[in-house]
Amino acid sequence: MLNNVMLKKMNYYKFLKRRSENFKKFFEWSLKYCEKHDKILEFRDVSYLREDGKHIGNCDGNKIIMATKDNKRFEEIYAHEFCHLMQAVEHADVWVNTDNNIYNKMGDGTIQTSDWNAILSVIAVERDCEKRVLALSKKWGLFDNEMYIQNSNLYMHFYHYVYLIGRWPSCDTIYKKQILDRMPTKLLTMKDMQKIDMSIMLLFDKYL
Ligand SMILES: [Zn+2]
């Protein structure tokens with residue numbers, strides 16, 4: 001019997017025409033992984049999944065949803081969401097231990113000082129996810145890994161900024177060149193992320 005993934009495969013092939021050969025090979029493998037673990041992919045022909053925060057990809061552990069329209073970072077974000085799916089399949093500690101309530105608070109703008117540990121749990125799950133993306137990128141030849149790490153470091157700092165302002169800000173992209181240029185090409189550690197770098201926070205405030 002065909003599952004959801006198989007039924008929607010025709011759409012994927014149409015979409016994949018614009019992708020690199022390496023990404024296509026990785027994607028085919030990722031599809032098989034989804035089929036094996038009974039997970040679902042959904043591609044939506046929209047620019048954003050939600051206008052607030054301009055979300056492009058999402059993974060709840062059972063399903064990946066991707067916005068495919070005019071999405072320049074599709075390949076990076078697909079790999080990222082796929083790695084969240086892997087965390088869920090493996091019941092990774094960081095995935096299981098994430099305080100999911102914090103995502104609602106980010107959306108509602110109700111983050112409080114006492115949510116610091118929840119923010120750190122989100123940074124931990126994102127960092128683990130980015131490490132997985134980098135391993136896949138090396139294996140399949142997907143991305144410029146140093147640039148990818150700079151993006152990842154910016155993303156982790158961004159959660160400190162969300163914590164300080166108490167909500168997820170609405171902006172087209174958080175990956176501003178002026179902030180990326182300040183990011184190291186080695187992945188920051190969880191120890192690094194225990195404290196907030198105010199000079200980076202001021203850059204978010206200026207450029208987002
Ligand atoms: Zn993520």
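For every residue, the table says whether it meets (1) in contact with a strand residue (DSSP E or B) (Cβ under 7 Å, 6 or more places away or on another chain); (2) within 16 Å of the ligand (Cβ to nearest atom); (3) charged (D, E, K, R); (4) modelled with pLDDT of 95 or more.
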position: Leu7; (1), (2), (3), (4): no, no, no, no
position: Met10; (1), (2), (3), (4): no, no, no, no
position: Phe15; (1), (2), (3), (4): yes, no, no, no
position: Phe26; (1), (2), (3), (4): no, no, no, yes
position: Ile40; (1), (2), (3), (4): yes, no, no, no
position: Asp52; (1), (2), (3), (4): no, no, yes, no
position: Ile56; (1), (2), (3), (4): yes, yes, no, no
position: Arg73; (1), (2), (3), (4): no, yes, yes, no
position: His84; (1), (2), (3), (4): yes, yes, no, yes
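If you scan segment 97-106, which residues turn out to be within 15 Å of the ligand (Cβ to nearest atom) and either assigned to a helix (DSSP H, G or I) or not assigned by TED's automatic domain parsing to the domain that holds His157 (or both)?
Ile102, Tyr103, Met106
Okay, residues lined up against (1) of a type in the set (Val, Ile, Thr); (2) assigned by TED's automatic domain parsing to the domain that holds Arg18; (3) without any contact (Cβ under 8 Å) to a residue 24 or more places away in the chain:
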position: Thr110; (1), (2), (3): yes, no, no
position: Trp116; (1), (2), (3): no, no, no
position: Ser121; (1), (2), (3): no, no, no
position: Val125; (1), (2), (3): yes, no, no
position: Asp144; (1), (2), (3): no, no, yes
position: Tyr148; (1), (2), (3): no, no, no
position: Asn153; (1), (2), (3): no, no, no
position: His160; (1), (2), (3): no, no, no
position: Leu180; (1), (2), (3): no, no, no
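If I filter segment 189-200 for residues that are under 18 Å from the mean Cα position of the chain (by Cα), outside the structural domain of Phe27 (by TED's automatic domain parsing) and buried (at least 19 other Cβ atoms within 10 Å of the Cβ), do I get at least one hit? Even if it seems obvious, please write down each step before you answer.
The first filter runs over segment 189-200 and keeps only residues under 18 Å from the mean Cα position of the chain (by Cα), leaving 189-190, 193.
Add one more test, that the residue is outside the structural domain of Phe27 (by TED's automatic domain parsing), and what stays is 189-190, 193.
Now drop any that are not buried (at least 19 other Cβ atoms within 10 Å of the Cβ), which leaves 193.
Yes, segment 189-200 contains a residue that is under 18 Å from the mean Cα position of the chain (by Cα), outside the structural domain of Phe27 (by TED's automatic domain parsing) and buried (at least 19 other Cβ atoms within 10 Å of the Cβ).
For Ala92, are the conditions met, namely being within 13 Å of the ligand (Cβ to nearest atom), surrounded by fewer than 21 Cβ atoms within 10 Å (Cβ to Cβ), modelled with pLDDT of 95 or more and over 15 Å from the mean Cα position of the chain (by Cα)?
Numbers: within 13 Å of the ligand (Cβ to nearest atom): yes; surrounded by fewer than 21 Cβ atoms within 10 Å (Cβ to Cβ): yes; modelled with pLDDT of 95 or more: yes; over 15 Å from the mean Cα position of the chain (by Cα): yes.
When the stated conditions are applied, Ala92 passes them.
Taking the residues in segment 124-165 that are touching a Leu at 6+ places or on another chain (Cβ under 7 Å) and hydroxyl-bearing (Ser, Thr, Tyr) as candidates, determine which candidate is surrounded by the fewest Cβ atoms within 10 Å (Cβ to Cβ).
Tyr148
The values are calculated or read from the model by the stated rules, or taken from the named source; none is laboratory data. Note that the coordinates shown come from a computational prediction; the quantities given were computed from them, not determined experimentally. Counting neighbours? That spans all protein chains shown, and the Cβs are built from the backbone with ideal geometry, glycine included.
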